[in-house]
1. Of all residues in segment 71-104, which are of a type outside the set (D, E, K, R) and at pLDDT below 90?
2. Of the conditions (1) within 30 Å of Gly72 (Cα to Cα); (2) in contact with a helix residue (DSSP H, G or I) (Cβ under 6 Å, 6 or more places away or on another chain), Arg195 clears all except one; give me its number.
3. Which residue out of Met128, Met173 is closer than 22 Å to Asp71 by Cα, surrounded by 21 or more Cβ atoms within 10 Å (Cβ to Cβ) and either out of contact with any Phe, Trp or Tyr (no Cβ under 9 Å at 6 or more places or on another chain) or modelled with pLDDT of 85 or more (or both)?
4. Considering only segment 113-124, I want to know if a residue exists there that is in contact with a helix residue (DSSP H, G or I) (Cβ under 8 Å, 6 or more places away or on another chain), in a loop (DSSP other than H, G, I, E, B) and either surrounded by fewer than 17 Cβ atoms within 10 Å (Cβ to Cβ) or of a type outside the set (Asp, Glu) (or both).
5. Could you tell me which residue of segment 71-100 is surrounded by the fewest Cβ atoms within 10 Å (Cβ to Cβ), considering only residues that are more than 12 Å from Ile61 (Cα to Cα) and in contact with an Asp or Glu (Cβ under 9 Å, 6 or more places away or on another chain)?
6. When segment 101-112 is examined, which residues are found to be hydrophobic (A, V, I, L, M, F, W, C) and crowded, with 19+ Cβ neighbours inside 10 Å?
Amino acid sequence: MNVSPPRPRRFRFAARQRPRFQGQSFNRLIPNILTLLGLCAGLLAMRFALEGRWEVAAGLIITAGAIDGLDGRLARLLKATSRFGAEFDSLADFLSFGVAPAMVLYLWTMHDYRGLGFVPCVMFAVCMSLRLARFNAALDAGPMPLPGPPPKPAYSQSFFTGVPAPAGALLAMFPLFASLAFEGWGWFGLASAVRYPAFVGILLILVALALVSTLPTWSFKNFKVPREFILPLLLSIGAYAALLVSEPWAALAAAGLIYCAMLPFSFRSYLHLKREAESLMQPLGTPPQAEPEN
């Protein structure tokens, strides 16, 4: 009786699986990295202000403003928005646009009035924190909204409530920008005039009140430009870019003046949209009036 030898066993090796790491993709971290860079720019601005290097300090605050304009839009583009990112962005904005400009201006000129010169700087920083806290109170945290003001109507979605934080820092730094521009042109009398602590203090108080006000200001998120104004707008932007390269401090000071000039038009546009929305609304439960019989 022939017995066949046992067949060798065939072993099947399982496919090697690639280990998966827990965490977020790098793309979703880019907005937070930009926010961190903006925070570092604000910290560096205070460090250079302590050394009396006003040009570098002012440039770093402007850099923080440019970064702040990018991180939020990039987060929405990459679908990386989160409550952590919103809170981190607000904290970075408070330091870069609230604490850093106040400290730079105090070391630049307001220290001449000693304790009295410190009051407008503190008021500016406090109003900046209140403005950012009011903004955070309107955010949603998951399915349950945080206590705060009710959602804004549709016609006001393109408006901020009060002057936003980067614009507030730009307006507060106007005396420094103008003084640097006048010194570069040799106009030392005007440079000393805009550096006067009383002028800077009054400006800081006005900007602080504008931060916590209910003034509607354009957010430029859904801003539509009429077709006939597109070419003049592009030409104006090109001219401003040339001015920014050749005379950066004068261009930044002019940007503050242009923004102030836009505030009345923003308020008028808000009132116009509000009147249009109210005219289209009809109270619920009010039956239409019957036409009189002839």
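The values are calculated or read from the model by the stated rules, or taken from the named source; none is laboratory data. Computed from a predicted structure; not experimentally measured. Note: ideal-geometry Cβ built from the backbone for every residue, glycine included; neighbour counts use all protein chains shown.
1. Those that are of a type outside the set (D, E, K, R) and at pLDDT below 90: Gly72, Leu74, Ala75, Leu77, Leu78, Ala80, Thr81, Ser82, Phe84, Gly85, Ala86.
2. (1)
3. Answer to the check: Met128.
4. Scanning segment 113-124, I find no residue that is in contact with a helix residue (DSSP H, G or I) (Cβ under 8 Å, 6 or more places away or on another chain), in a loop (DSSP other than H, G, I, E, B) and either surrounded by fewer than 17 Cβ atoms within 10 Å (Cβ to Cβ) or of a type outside the set (Asp, Glu) (or both), so the answer is no.
5. That would be Arg83.
6. Matches in segment 101-112: Ala102, Met103, Val104, Leu105, Trp108, Met110.
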